[in-house]
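S.K.: The structure follows.
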Amino acid sequence: MNSDKIEGRNAVTEALNSGRTINKLWILKPEGGRRLEPALAKILDQANKQGIVVTRAPRNVLDKLSNTHNHQGVIASCASHEYTELEDIIESARQKGHAPLLIALDELKDAYNLGSILRISDCCGVDGIIIPERRSIALDSMVAKASAGALEYVPVARVTNLAQTLRNLKDKEGFWVCGTDMDGTSAYDEADYTGSLVIVIGSEGDGMREGVRKCCDFTVSIPMKGHVNSLNAAVACGVVVFEAVKCRKAKEQG
């Protein structure tokens, strides 16, 4: 089985809390007889209770093991994060009694952006994220670190063809598809986000591809008054998704 690393205190803590299988943990060995920092001591105690193999290692060893170069004194080795079937994400949402809310990422390439979107999704109660198999950032240690543990709670589906997936969601599952675009057909705070919905976020710099854009039932823009005419993908996603959740909640409350 392929393995991956989880780095950073929040990410490792959430992996432990979620019950994810951890094969081994490396934790910083204090120098000069100092005591372990309280946050690391708490992680160590939890790992010991779960019977996880723990190695105390000096900082230079952790630095060599680290992919993120920001391990915060703890690195975990675990089975590679598994993707979730899109059908299972949709079914889980409907079993909970609400219309699914999904986010589709069109060839996003930055690990920090994906990690931030995972955090936004966890905060907003998004049911799942869709990413394409090709020309897209995958779930790796950089994303896990950037998500600060949210990766353990937000399911991610990986699909072969994003445009075809969006068409299937519309035709077979009754979804509406909302695209985010600088030239959107309406402002983000004037759109109707109710019902089964997937919000599409374009890639950094290029936005949505034309084939994906054609799948959208409507597009929304974020009006801006400053000198910078664009937001990064994660910030734009946060603005739209929080508005969508607000709209959907208002609808539920009548």
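The values are calculated or read from the model by the stated rules, or taken from the named source; none is laboratory data. If you're wondering where the values come from, they're calculated on a predicted model, not measured in any experiment. Glycine gets a Cβ as well: all are built from the backbone with ideal geometry, and neighbour counts include every protein chain shown.
S.K.: Condition first: among the hydroxyl-bearing types (S, T, Y), in contact (Cβ under 8 Å) with a residue 12 or more places away in the chain, in a strand (DSSP E or B) and in contact with a strand residue (DSSP E or B) (Cβ under 8 Å, 6 or more places away or on another chain). Can you find one or more residues in region 164-186 that meet it?
M.R.: Yes; the residues of region 164-186 include at least one that is among the hydroxyl-bearing types (S, T, Y), in contact (Cβ under 8 Å) with a residue 12 or more places away in the chain, in a strand (DSSP E or B) and in contact with a strand residue (DSSP E or B) (Cβ under 8 Å, 6 or more places away or on another chain).
S.K.: I've got another one for you. Of the numbered conditions (1) under 30 Å from C215 (Cα atoms); (2) loosely packed, with under 15 Cβ neighbours inside 10 Å; (3) acidic (D, E), D106 fails exactly one; give the number of that condition.
M.R.: The number of the failed condition is (2).
S.K.: Report whether or not A250 is in contact with a helix residue (DSSP H, G or I) (Cβ under 6 Å, 6 or more places away or on another chain), in a helix (DSSP H, G or I), over 23 Å from E91 (Cα atoms) and modelled with pLDDT under 95.
M.R.: No; evaluated as a whole, the condition is false for this residue.
S.K.: Go through region 137-163 residue by residue and tally those that are among the β-branched types (V, I, T) and within 17 Å of I120 (Cβ to Cβ).
M.R.: Qualifying residue count for the region: 4.
S.K.: Now for a different question. Could you identify the single residue in K5, K49 that is charged (D, E, K, R) and in contact with a helix residue (DSSP H, G or I) (Cβ under 8 Å, 6 or more places away or on another chain)?
M.R.: None of the others qualify; the one that does is K5.
S.K.: Are any residues in region 188-207 closer than 14 Å to L231 by Cβ and in a strand (DSSP E or B), and if so, which ones?
M.R.: I201, S203, G207
S.K.: Within region 194-203, is there a residue that is of a type outside the set (F, W, Y) and without any contact (Cβ under 8 Å) to a residue 60 or more places away in the chain? Break it down into steps so the answer makes sense when it comes.
M.R.: Kept after step one, since they are of a type outside the set (F, W, Y), are these residues of region 194-203: 194-203.
Filter once more, so that each one left must be without any contact (Cβ under 8 Å) to a residue 60 or more places away in the chain: none.
So far as region 194-203 goes, no, none of its residues is of a type outside the set (F, W, Y) and without any contact (Cβ under 8 Å) to a residue 60 or more places away in the chain.
S.K.: Show me the strands (runs of 3 or more DSSP E) entirely contained within region 11-91 in which 1 or more residues are modelled with pLDDT of 95 or more and under 28 Å from A138 (Cα atoms).
M.R.: 22-28, 74-79
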